[in-house]
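Down below is the structure, laid out as structure tokens.
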């Protein structure tokens, strides 16, 4: 079992766990700015191909906002728990239809029981590696909108008016703003991104984190979790906000996202990953690992919850 204290000092860990409100706000505003830029591009060049491209970008930013919501749930986006709760509930979860409190409580179970039968997120990856035909069907359900509509139906089913108040208010502001600017049609790109692209991006993220790892039933995070290395363009389009450094996040939950790369370099330098197949050089290689000519390990994945926004 991994003992972090055997590899780094308490001072080094303390430095890695330093959270900054300035950085937190920068990350939130940057993601909102990218959403605005996509909308501006679409208004400036209102063609079918720019609509598809901008919908893809919006799908990626929906994932990005969901990741920031995840960070707020760990109290690592901002220094105070109150600010994490407020921003997570209203500015983040409010935009991407996530119930902040429900997500936070459920996600804690994932970290508490990772590597055990009680891990609620294991159902999302238990079928990997999947056959090529099975993998094709999975992405077809994502990109055809089947899983996106299931996600919306699931969120409606488990919600109440009080829980959805942030969603109602945030989207009301967006709708009113777009109507006043006489570009309400741009709002459709958000839902295309949410329904058709976000599920596929979320699936790829989940595969990068826990799909076809060495041993999903092991307690050591180097066996049940993976970090996938990327370049800036791939990060922008597929894995925003340093979500690819997932192993470092599982090794210590209180390291803020902006320090996960530093943690990765330090942990690697100290030999923590030596002898472990826990790092991958690209998402393409992850995808290849998650595809097998033989049948998947289990049919349990068919009983997984409909929600695709469950951050693992």
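The values are calculated or read from the model by the stated rules, or taken from the named source; none is laboratory data. On a predicted model such as this, the values are computed, not experimentally measured, just so you know. Note that each Cβ is placed from the backbone with ideal geometry, even for glycine, and that neighbours are counted across all protein chains shown.
The condition (being over 19 Å from the mean Cα position of the chain (by Cα) and surrounded by 15 or more Cβ atoms within 10 Å (Cβ to Cβ)) is satisfied by just one residue among 261, 268, 289: 289.
If only residues of the stretch 214-242 that are touching a strand residue (DSSP E or B) at 6+ places or on another chain (Cβ under 9 Å) and in a loop (DSSP other than H, G, I, E, B) are counted, the one that is farthest from residue 4 (Cα to Cα) is 239.
Scanning the stretch 273-287 for residues that are without any contact (Cβ under 8 Å) to a residue 40 or more places away in the chain and not in a helix (DSSP H, G or I) yields 274, 275.
Kindly indicate the residue of the stretch 6-45 that is in contact (Cβ under 8 Å) with a residue 60 or more places away in the chain and not in a helix (DSSP H, G or I) and also farthest from residue 273 (Cα to Cα) among those meeting that condition. Filtering first and then ranking leaves 20. Is it fair to say residue 167 is buried (at least 19 other Cβ atoms within 10 Å of the Cβ) and at pLDDT below 95? The answer is yes for residue 167. In the set (1) assigned to a helix (DSSP H, G or I); (2) out of contact with any strand residue (DSSP E or B) (no Cβ under 6 Å at 6 or more places or on another chain); (3) farther than 22 Å from residue 65 by Cα; (4) in contact (Cβ under 8 Å) with a residue 24 or more places away in the chain, the condition left unmet by residue 136 is number (4). From the list 117, 72, the lone residue that is at pLDDT below 95 and more than 19 Å from residue 195 (Cβ to Cβ) is 117.
Within the stretch 67-81, one or more residues are more than 16 Å from the chain's Cα centre (by Cα) and assigned to a helix (DSSP H, G or I). Looking only at residues of the stretch 82-115 that are outside any helix (DSSP H, G or I) and touching a residue at least 24 places away in the same chain (Cβ under 8 Å), we find that the one that is surrounded by the fewest Cβ atoms within 10 Å (Cβ to Cβ) is 115. When the stretch 116-125 is limited to residues that are surrounded by fewer than 20 Cβ atoms within 10 Å (Cβ to Cβ) and touching a helix residue (DSSP H, G or I) at 6+ places or on another chain (Cβ under 8 Å), the one that is nearest to residue 292 (Cα to Cα) turns out to be 123. Condition first: without any contact (Cβ under 8 Å) to a residue 12 or more places away in the chain and more than 27 Å from residue 91 (Cα to Cα). Can you find one or more residues in the stretch 227-239 that meet it? Within the stretch 227-239, one or more residues are without any contact (Cβ under 8 Å) to a residue 12 or more places away in the chain and more than 27 Å from residue 91 (Cα to Cα). Residues in the stretch 170-195 that are in contact with a helix residue (DSSP H, G or I) (Cβ under 6 Å, 6 or more places away or on another chain) and exposed (fewer than 15 other Cβ atoms within 10 Å of the Cβ): 184 alone. Hey, can you tell me all the residues within the stretch 1-42 that are exposed (fewer than 11 other Cβ atoms within 10 Å of the Cβ) and under 16 Å from residue 257 (Cβ atoms)? 22, the sole residue that qualifies. Against the list (1) in a helix (DSSP H, G or I); (2) within 24 Å of residue 35 (Cβ to Cβ); (3) modelled with pLDDT under 95, the condition residue 147 fails is (3). Within the stretch 155-170, the set of residues being within 14 Å of residue 98 (Cβ to Cβ), in contact (Cβ under 8 Å) with a residue 12 or more places away in the chain and part of a helix (DSSP H, G or I) comprises 155, 166, 167, 170.
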